[in-house]
Amino acid sequence: MSNGCRQAGTILPSFQTEFDTTQGNWPCERPCLLDRIRFVDSFFRPGDFACAIYCRTRDKTDRHNTKGREFMEAIWQECGGFLDPDTPKRATLSMPAVFWELYLAHVLKSAGISLQPQARSKKNQKGPDLFADKPDVWIEAVLPELGTGPDAMEYPPMGIAYDVPVKSFILRLRGAFEAKARIMAEYRATGSVQPGQARVIAISGAVLPTAIGEGPVPRILQAIIGVGNLVLDVAKRTGEIVGHSVEHRDEVQKKSGAAINTAPFLDHAYSHISAVIYSASCWVNHPPVPGPDFTVIHNDNADVKLPHGWLPIGDEYWREGDKLHSERHSTPVDADPDTPLEAR
């Protein structure tokens, strides 16, 4: 079993919580050839391309960009075969989005998840970004950008104090989830995703301002599962903290005054989504070992649930009725994907 720690608390007004290489199209059965094959071609290509981040990461020799370039090459060599054949071309248009797909595959593979190469054909050009078996799980990745309009985010000025735009951040996460939830519904309707297969939306905060550094209630939770800020109970006479809770909040207002629901996992209309995965890491700033930055949020209303402990690293949240639970996992990297969940 994974090493985990659990704590307990209360959510207001009525919630109890525990805080606590290839590009081929062959079918891949374990032992998978991707365990032994590495790409020969570099991830980066020469030339001028639309994505300034791609060109800067490829060309600059400072410590920051060199570190990012080396990491992109490493995860490309390791996991490029799990992605679509057009991945190198897509990277020249948006390297951060491709980074998220590769990093996601890198962390899942390191955690022992049995990822399988995509088998694309002329008749099957659409489908989620990643697929794992034992059990079957489809994963659709999305990396929200700054957005447009009054609620768009901006990078803060350097050297002066500023207010962290928490609501705008939550709205970017919520919008990304909504867009991919619709796409997952289409995949289910067209048969790209079969009945009985879990469906996960993986969201990256890598390019959002202030993504690194969370408060006591992660913003991805505030966007998905209907919770808000941490509340401390203080004794009047002594000033001692005698309890804590999390406020119930199922909407956030846009600057226009329109209310956006932030509790899709409490709504049966989203039962086709099994879980959300989240990370704020980027190609330069990431943990030295894969996975502790990942958060998994389970949908208790899902028609196909993701097994608890499926990702045996990072933080895991789920809700049962009026209770919200969490568990932190610290399973070593490079776990054996053939080991049953209950034995990890």
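Quick notes on this structure:
- Length-normalised contact order for the stretch 247-329 - Cα pairs under 8 Å, 6+ apart - percent: 23 percent
- Fewest-first sequence of Tyr54, Tyr162, Tyr317 by Cβ atoms within 10 Å of each Cβ: Tyr162, Tyr54, Tyr317
- Taking each residue as 0.36 nm, the span from Ala161 to Glu178 lengthens on full extension beyond its C-alpha to C-alpha distance by 2.9 nm.
- Cα gyration tensor shape for the stretch 123-164, rounded if a/c is under 1.5, else prolate or oblate: prolate
- Ordered by the count of other Cβ atoms within 10 Å of each Cβ, fewest first, Met184, Met153 give Met153, Met184.
- Within straight-line cross-link reach of Lys89, lysines at Cα separation under 26 Å, skipping those fewer than 8 residues along the same chain: Lys60, Lys67, Lys109, Lys122, Lys123, Lys126, Lys180
- Net charge contributed by nearby residues that have their C-beta within less than 15 Å of His64 (K/R +1, D/E -1): +3
- Ranked list, fewest to most other Cβ atoms within 10 Å of each Cβ, for Val242, Val142, Val107, Val137: Val242, Val142, Val137, Val107
- Loop-located GluC sites (Glu not before Pro) in the stretch 240-276 whose Cβ has at most 15 other Cβ within 10 Å (DSSP): Glu240
- Estimated FRET transfer efficiency (Val234, Ile212; beta-carbon r; R0 30 Å; 0.05): 0.50
- The stretch 158-290: C-alpha gyration tensor shape, a/c 1.5 cut-off, then a/b vs b/c: prolate
Taken together, the values in this text are just the output of simple stated rules run on the coordinates, not laboratory data. The structure presented is a predicted model; accordingly, all values stated were derived computationally and were not measured. We place every Cβ from the backbone using ideal geometry, glycine too, and count neighbours over all the protein chains shown.
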